[in-house]
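Everything on this sheet refers to the single structure shown next.
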Amino acid sequence: MTKITFEDHTGQCVTVEAKLGSTIMEVAIQNNVAGIVAECGGACACATCHVYVDPGWMDTVGPPGESERDMLEFANGVRENSRLSCQLKVREAFEGLIVRTPAEQG
Ligand code: FES
């Protein structure tokens, strides 16, 4: 288990326990985190699980793969630290990770 903090666009934070090997999207859905829709269920086909990785965590999390990059083009308000949370598998190095949810998905 590792702790992940989700912060919404208003600055409200929730910290939850995340199982190693789960995706950040699954962790968000299991914990009713607002702001993650995940229409496609994690198939990298909807971009409604878009999150912003805290800039201090970018090196640990790493860049998106090619298919994720393609799908991110359909997300709103994409920035350099944008990732699709269904493509982020929780690992031990993510202990304390902070991700932010966008004001809107889709
Ligand atoms: Fe659809 Fe992540 S849940 S792209």
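The values are calculated or read from the model by the stated rules, or taken from the named source; none is laboratory data. Keep in mind that what you see is a predicted model, and the values were worked out from it rather than measured. Neighbour counts are summed over all protein chains in view; Cβ atoms, including those assigned to glycine, are modelled from backbone coordinates with ideal geometry. Remember, those area values only see protein heavy atoms, side chains included, never the ligands or the DNA or RNA. Shrake-Rupley method; radii C 1.70, N 1.55, O 1.52, S 1.80 Å.
Check ASP70, ASP59 and return the single one that is within 12 Å of the ligand (Cβ to nearest atom) and surrounded by fewer than 13 Cβ atoms within 10 Å (Cβ to Cβ).
Residue meeting the stated conditions: ASP70.
In the stretch 17-27, which residues are among the hydroxyl-bearing types (Ser, Thr, Tyr) and either within 12 Å of the ligand (Cβ to nearest atom) or open to solvent by 40 Å² or more (accessible area, probe 1.4 Å) (or both)?
Passing the criteria: only THR23.
On the basis of being of a type outside the set (A, V, I, L, M, F, W, C), touching a strand residue (DSSP E or B) at 6+ places or on another chain (Cβ under 7 Å), closer than 22 Å to GLN12 by Cα and within 15 Å of the ligand (Cβ to nearest atom), does ARG79 make the cut?
no
Working carefully through the options ALA38, ALA45, ALA18, find the one that is over 13 Å from the mean Cα position of the chain (by Cα) and either of a type in the set (A, V, I, L, M) or at negative phi (or both).
Testing whether each residue is over 13 Å from the mean Cα position of the chain (by Cα) and either of a type in the set (A, V, I, L, M) or at negative phi (or both) leaves just ALA45.
Pairs please, first residue from the stretch 28-56 and open to solvent by less than 60 Å² (accessible area, probe 1.4 Å), second anywhere and more than 14 Å from the ligand (Cβ to nearest atom) and not basic (Lys, Arg), Cβ atoms under 6 Å, 6+ apart in sequence or on different chains.
If the second residue must be more than 14 Å from the ligand (Cβ to nearest atom) and not basic (Lys, Arg), the pairs left are VAL33/PHE6; GLY35/ASP8; TYR52/ASN81; VAL53/VAL61; VAL53/ASN81; ASP54/ILE98.
All but one of (1) modelled with pLDDT under 95; (2) within 13 Å of the chain's Cα centre (by Cα); (3) away from the ligand (no atom under 16 Å from the Cβ) hold for ASP54, so report the exception by its number.
Of the numbered conditions (1) modelled with pLDDT under 95; (2) within 13 Å of the chain's Cα centre (by Cα); (3) away from the ligand (no atom under 16 Å from the Cβ), the odd one out for ASP54 is (1).
Based on what the data block shows, is ALA93 open to solvent by 50 Å² or more (accessible area, probe 1.4 Å), outside any loop (DSSP other than H, G, I, E, B) and closer than 17 Å to ILE24 by Cα?
In short, yes.
Given the options VAL99, VAL90, VAL61, name the one that is modelled with pLDDT of 95 or more, closer than 18 Å to GLN12 by Cα and under 12 Å from the mean Cα position of the chain (by Cα).
Just one listed residue meets the conditions, VAL99.
Kindly evaluate CYS86 against the criterion of being in contact with an Asp or Glu (Cβ under 9 Å, 6 or more places away or on another chain) and within 10 Å of the ligand (Cβ to nearest atom).
So CYS86 passes the test.
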